[in-house]
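Worksheet: the structure to be examined is printed underneath.
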Amino acid sequence: MNEDLQRRVAQLVEEHGQAVISRKTGYSATNIHNYVNGTRVPAEFCMALTRELGVNPVWLLTGEGGTQLSDVTRSTSELAGNFLELVNAINAVTRVRLGALAGKQDKKTLHQLNAALKDYEARRGELNARMKDIFRTLLDQFEHALAKINRETASQLLPGLEQAAGLCDNTAMQERYRLLCARHAIIRSDTPQASKLLRDVLRRRASDGSIPDHDILAAAAGGLMAVSAIGKNREARRMCRSLIELCAGEDDANAAPLTKIRFLDSVFTMREGNVAEAIGRMAYLHMRLSPDDQFLHRHTVHEALVYAGLQSVDDVIAADATDFSRIKRATAAEEARFVRGKQLYIIYGLVSWFEDARLLRRALGVYQPFEAARGEAGSAYVGEYVRALTDALEGKKGASVAFAGHSSVAQSLRDEDGLRAFSVRVCLCHLLRIEENTRRALAVFSDAENVRKSLGADVSPNTMICAQHWRNARKLFLSRQSREGTEAVANAGNFFQRHWDGGFAIFKDMIPDM
């Protein structure tokens, strides 16, 4: 595919000249030379050729059709003429009573309709066959952009994908398109649209009695995790259960991805506050995941074990330190995937709970090298929080000021809604409380509580962020009489009691008389 694409790019260079293409597309002559001579041609450059030079994207990707979009217009006009003929024939039939199609004129109309339909089906079939490769290529590029969290490229590809989806009838590719659009909606924080698209895939599969195949299940797993990560855990769990029910009795065909879906169901159960129910299934299913998925989700299992009091955070850090020293001589790719952004979030959330400067320093020593490479967009504040908390616990001045001034924090403090706006305020309140700046901590707590209430009943913030928030309430209001304080302390008690009942031994110190 890439070699054919390079040949067509070379043809364009020969026709237009490298300097002209460089000037119009904004790509350097060196890059264009490299594309012609072996470097992978990026989707962005292909879009620039279409936008600035009027190159036909179908020809560019598949070699079919005319070189220029103007060539496409002529064939489109022909097709439109046939569509018009078809519409006119259909309209003629609708004007005739269905029980009286006996006259010569009516027979002529039916013959015209039949001929138009046959021509339409032939052209539609030809168009569908041509669009299949284009649709697949666009889907690959779209998936690549989503994996890189490249919103601009993904948004630019979407109009073309919508057109291709309307012209390609391949069921599997249509499902893949909907799942990728759901991921795109998740990245844009449009959870209702993401949920709608995921439910649509499930309904279509349920209506025809078929079972989601390996690829659909695998893609759904990533979407479900993303839905849960942005606070829609209940929605993710409902969709997860629907998939499991839909696949009942069909384990052999989809064993690996279905095991992952069941594992995710146990993760979502834990996030709903019931680690006691989740942990047994989680450990059992984790052993049956693929080696890559075992590695990817190992910190989720550690998280459950720490919650349940069955493992210390020290043990988690020690295990990672040992593994990291073993792979330091490995390839850059292996090193980069050792700790991902979500895993850092889990570990830093756990170590910050214990308010132990030694433990925090140890965690930073192991994980800080991964922050720049693996930290997710918008979550850099977590590392800044852990560093500031370490300084505050060691008695250093200005930790909360430094945290609030960090670029990834300052913007979130200006936002008045959203999960990150809530999380950043909780972290800042914690730092101010450790610094014994009670007046400021109370103000930030009230601000955080207002953001929390604005999230909606269907949004569940991260468990450890909520725990920090309600511990802040306990520490700040337990000896203060106020309407806000009474409500906050009561809510804190409910949170910790519910999680204690669900097996969260980590919160033992928050339960009275324990």
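The values are calculated or read from the model by the stated rules, or taken from the named source; none is laboratory data. Please read all numbers here as calculations on a predicted model, not as lab measurements. Neighbour counts run over all protein chains shown; Cβ positions are idealised from the backbone, glycine included.
Listing for the model above:
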| quantity | calculated |
| --- | --- |
| Boolean, GLU126 is at negative phi, at pLDDT below 70 and assigned to a helix (DSSP H, G or I) | yes |
| Single condition ASP169 does not satisfy, out of (1) assigned to a loop (DSSP other than H, G, I, E, B); (2) surrounded by 20 or more Cβ atoms within 10 Å (Cβ to Cβ) | (2) |
| Residues (assigned to a helix (DSSP H, G or I), within 11 Å of LEU350 (Cβ to Cβ) and either β-branched (Val, Ile, Thr) or without any contact (Cβ under 8 Å) to a residue 24 or more places away in the chain (or both)) located in the stretch 299-314 | VAL306, VAL313 |
| Hey, ALA229 surrounded by fewer than 22 Cβ atoms within 10 Å (Cβ to Cβ), in contact (Cβ under 8 Å) with a residue 40 or more places away in the chain, closer than 30 Å to GLY456 by Cα and among the hydrophobic types (A, V, I, L, M, F, W, C) or not | yes |
| Test: residue in the stretch 487-495 that is touching a Ser or Thr at 6+ places or on another chain (Cβ under 8 Å) and in contact (Cβ under 8 Å) with a residue 12 or more places away in the chain | no |
| Condition check for HIS286: free of Cβ contacts under 8 Å to residues at least 40 places away in the same chain and buried (at least 18 other Cβ atoms within 10 Å of the Cβ) | yes |
| Evaluation of LEU432 against (1) surrounded by 19 or more Cβ atoms within 10 Å (Cβ to Cβ); (2) under 25 Å from GLN343 (Cβ atoms) (one fails), failing number | (2) |
| Sole exception among (1) under 21 Å from LEU158 (Cβ atoms); (2) modelled with pLDDT under 80 for VAL55, by number | (2) |
| Selection from the stretch 17-28 of residues that are over 15 Å from GLN6 (Cα atoms) and under 36 Å from the mean Cα position of the chain (by Cα) | SER22, ARG23, LYS24, THR25, GLY26, TYR27, SER28 |
| Criterion violated by GLY231 - all others in (1) farther than 25 Å from GLN343 by Cα; (2) outside any helix (DSSP H, G or I); (3) at pLDDT 70 or above; (4) not hydroxyl-bearing (Ser, Thr, Tyr) satisfied | (1) |
| Lone qualifier among ALA443, ALA448, ALA380 - being over 27 Å from the mean Cα position of the chain (by Cα) and assigned by TED's automatic domain parsing to the domain that holds LEU364 | ALA443 |
| Exclusive hit being touching a Cys at 6+ places or on another chain (Cβ under 6 Å) and more than 30 Å from ALA321 (Cα to Cα), set VAL444, VAL459 | VAL444 |
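Residues are listed down the side, and each one gets a yes or a no for (1) in contact (Cβ under 8 Å) with a residue 12 or more places away in the chain; (2) crowded, with 20+ Cβ neighbours inside 10 Å:
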{"residue": "SER446", "(1), (2)": "yes, no"}
{"residue": "ALA457", "(1), (2)": "no, no"}
{"residue": "MET464", "(1), (2)": "yes, yes"}
{"residue": "ALA473", "(1), (2)": "yes, yes"}
{"residue": "SER482", "(1), (2)": "no, no"}
